[in-house]
Amino acid sequence: MAHSKALLVLENFIAGKFVPCSSYIDSYNPSTGEVYCRVPDSGKEEVEAAVKAAKAAFPIWSSKSPLERSRVLNKLADLIEHDLEAFAQAESKDQGKTITFARTVDIPRAVYNFRFFASSILHHMTECTQMATVGCVHYTSRTPVGVAGLISPWNLPLYLLTWKIAPAIACGNTVVAKPSEMTSVTAWMMCKLLEKAGVPHGVVNVVFGMGAKAGEALVCHPTVPLISFTGSTLTAQRITEKSAPHCKRLSLELGGKNPAIVFDDADLSQCIPITLRSSFANQGEICLCTSRIFVQRGIYSEFLKKFVAEAKKWKVGNPLDPTVDVGALISKEHLEKVRSYVKKAQAEGAQVLCGEGVDSLALPPGNQKGYFMLPTVIAEVKDDSCCMQEEIFGPVTCVVAFDTEEEVIERANSVKYGLAATVWSSNVGRVHRVAQKLQAGLVWTNCWLIRDLNLPFGGMKASGIGREGGKDSYEFFTEVKTITIKH
Ligand code: NAD
């Protein structure tokens with residue numbers, strides 16, 4: 001394909017060096033609809049070279065002390081933080097997210113991932129038990145596993161990639177990472193900082209390309225004993241199938257269909273702004289975003305009126321404009337998919353109260369070909385509608401009424417997913433009761449997205465297998481052994 005403007009051309013990062021690839025794929029700027037970057041179309045050969053480099057680096061890196069590795073992670077955090085603005089600009093351009101979101105969430109969080117695991121690795125303890133009657137002590141030891149395969153999605157590119165790289169290398173593993181082919185730029189920028197941070201060659205290798213080709217080559221590689229994957233449930237099923245013959249260890253962080261439950265004693269002055277954010281932040285392209293809002297009947301009309309009025313105020317446009325709240329969706333195909341859900345809801349008799357097909361969207365001249373969509377609120381939608389059952393992953397949320405606590409718990413749980421939920425109520429007893437009964441790996445009450453990285457992160461049912469977070473990541477990225485000493 002001929003390109004008029006000079007394009008950014010990425011290269012794989014293998015054994016500490018940037019390596020060109022024999023073929024490339026186009027990557028689009030979602031806010032202009034133009035190709036602006038070329039990404040290596042890697043396959044088996046490139047993955048083989050990266051795994052070889054990671055394997056060669058393993059003996060040295062795994063034998064360093066946690067303190068030595070911690071220093072390297074902290075240095076890398078400092079270097080990314082130093083270039084925060086450049087990373088934020090790149091993430092916004094590559095993914096379509098607002099510059100404000102990239103500046104305040106994505107990149108600071110990527111920095112924090114390295115800082116957190118740099119500290120966390122210094123504080124783990126293993127277990128020891130005694131059997132005095134037979135004169136034995138038992139203890140566990142933990143060692144790094146080897147070459148970790150890390151596969152990440154496009155919605156929070158550097159944030160989710162570093163959520164995997166940081167614990168993997170902190171534990172002494174070496175890695176081969178495969179970022180999403182749609183958002184590869186910040187991973188490539190990070191590779192430029194590795195040497196300066198003191199990451200030895202081969203410890204972090206990044207291979208760019210398509211999931212079915214580069215990703216699958218990594219999943220099937222016999223020298224990669226574990227895969228940490230974040231992405232869709234469909235891809236996870238494929239990865240599970242492909243890795244089964246090798247008995248690989250898998251961590252799967254997948255999709256969601258997250259409910260917010262608003263009881264009639266909720267503080268709406270808190271609930272409405274936060275539920276708007278939980279529905280539309282990052283264009284609704286966060287696995288933890290709310291997409292079903294259950295409101296108790298007594299306050300349903302009031303909630304809906306206020307919620308829709310506020311949703312209409314969200315400004316959609318050029319993601320690089322700091323006053324913009326909603327940027328572009330990741331791709332034309334994804335935008336069409338998200339829009340198709342709104343059409344299906346309308347065809348089923350649901351009411352679209354604002355956004356897609358109802359309000360007009362005026363875009364700046366440079367963004368006319370971008371993949372934009374207004375925050376959309378749908379009401380009068382049935383629980384078995386695809387809009388209430390399937391992950392839409394865009395700025396679309398459904399609002400429905402409920403009567404009783406028991407009823408709403410059952411309805412909230414009646415989906416195949418189980419990632420996150422929010423509960424809004426000023427009744428402490430109810431909050432605990434409902435949180436216990438919801439089928440979700442994460443439940444936020446009277447708040448959203450507040451995280452302590454020490455605690456488990458992950459989903460139930462079709463939202464995932466395994467958990468990541470301080471202790472959970474440590475356990476996933478290390479091999480445990482029980483040793484018994486008779487004295
Ligand atoms: P995706 O599954 O299409 O792709 C994710 C990654 O897997 C990409 O790097 C892709 O190239 C790769 N991939 C695709 N096919 C592959 C294969 N056959 N073998 C190996 N790798 C393959 O997901 P996406 O569209 O990039 O991301 C959106 C999805 O991710 C949503 O479902 C969202 O909910 C989910 N997600 C989950 C979490 C979480 O923590 N639970 C976080 C963010 C996103």
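Quick look at the numbers
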read-out: Per-bin percent of Cα-Cα distances, the range 258-453 [5 Å]; value: 1, 8, 17, 21, 21, 15, 9, 5, 2, 0, 0
read-out: Those aspartates and glutamates that a straight Cα-Cα span of less than 16 Å connects to K416, excepting residues fewer than 8 apart in one chain; value: E253, D383, D384, E390, E391
read-out: Chain lengthening between C247 and T104 when straightened (0.36 nm per residue, less Cα-Cα); value: 47.5 nm
read-out: Lys/Arg +1, Asp/Glu -1 at C-beta; the range 258-453 dipole; positive extreme among L276, W444, L419; value: L276
read-out: Nearest-0.05 FRET efficiency for R277 and L234, computed from C-beta distance (R0 30 Å); value: 0.65
read-out: Where only C-alpha atoms are counted, convex hull volume of the chain per residue in Å³; value: 157
read-out: Qualifying trypsin sites (Lys or Arg not before Pro) for the range 404-487 [loop in DSSP, other Cβ within 10 Å: at most 14]; value: K416, R451
read-out: Solvent-accessible area per residue, Å², over the range 258-453 with all protein chains present [probe radius 1.4 Å]; value: 41
read-out: Rounded to 10°, Cα long-axis angle of helix 66-82 versus longest principal axis of the chain; value: 40
read-out: Of all accessible heavy-atom area on the chain, the percent that carbon and sulfur account for (1.4 Å); value: 56
read-out: For a label point 7 Å along the Cα-to-beta-carbon line of T323, residues of the range 348-377 with backbone N under 15 Å; value: 362-365
read-out: Length added when fully stretched, I483-A362, from 0.36 nm per residue minus Cα-Cα; value: 36.9 nm
read-out: Spatially proximal aspartates and glutamates relative to K52 (Cα-Cα < 17 Å; intrachain offsets below 8 disregarded); value: E216
read-out: Under-5 Å amide H pairs with C447, H placed in peptide plane, nonlocal only; value: V423
read-out: Cα→Cβ-extended label distance, 7 Å offset, between M210 and K312, nm; value: 4.5
read-out: Theoretical FRET efficiency, 1/(1+(r/R0)^6), r = Cβ-Cβ of D384 and K55, R0 60 Å, to 0.05; value: 0.75
read-out: Relative contact order of the range 180-311, pairs being alpha-carbon contacts under 8 Å that are 6 or more residues apart, as %; value: 18
read-out: The range 258-453, dipole about Cα centre (Lys/Arg Cβ +1, Asp/Glu Cβ -1), debye to the nearest 20; value: 380
read-out: Cβ-placed point charges (K, R +1; D, E -1), dipole of the chain about Cα centre in debye, nearest 20; value: 980
read-out: Flagged links, alpha-carbon separation over 25 Å, of K305/K382; K257/K312; K248/K461; K55/K248; K75/K178; K93/K306; value: K93/K306
read-out: Under 16 Å from K486, Cα to Cα: aspartates and glutamates that are on another chain or at least 8 residues apart; value: none
read-out: Contour minus Cα-Cα distance for L7 and E85 (0.36 nm per residue); value: 26.0 nm
read-out: Which of N318, N258, I378, positive extreme of dipole for the range 258-453 (C-beta unit charges); value: N318
read-out: Cα-projected label distance for E45 with N427, points at 7 Å along beta-carbon direction, nm; value: 6.6
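The values are calculated or read from the model by the stated rules, or taken from the named source; none is laboratory data. Since we're looking at a predicted model, the values are computed, not measured. FYI the Cβ positions are ideal-geometry reconstructions off the backbone, even for glycines, and counts take in every protein chain you see. Note: accessible area is taken over every heavy atom of the protein model, side chains too, but ligands, DNA and RNA are not part of it. Shrake-Rupley method; radii C 1.70, N 1.55, O 1.52, S 1.80 Å.
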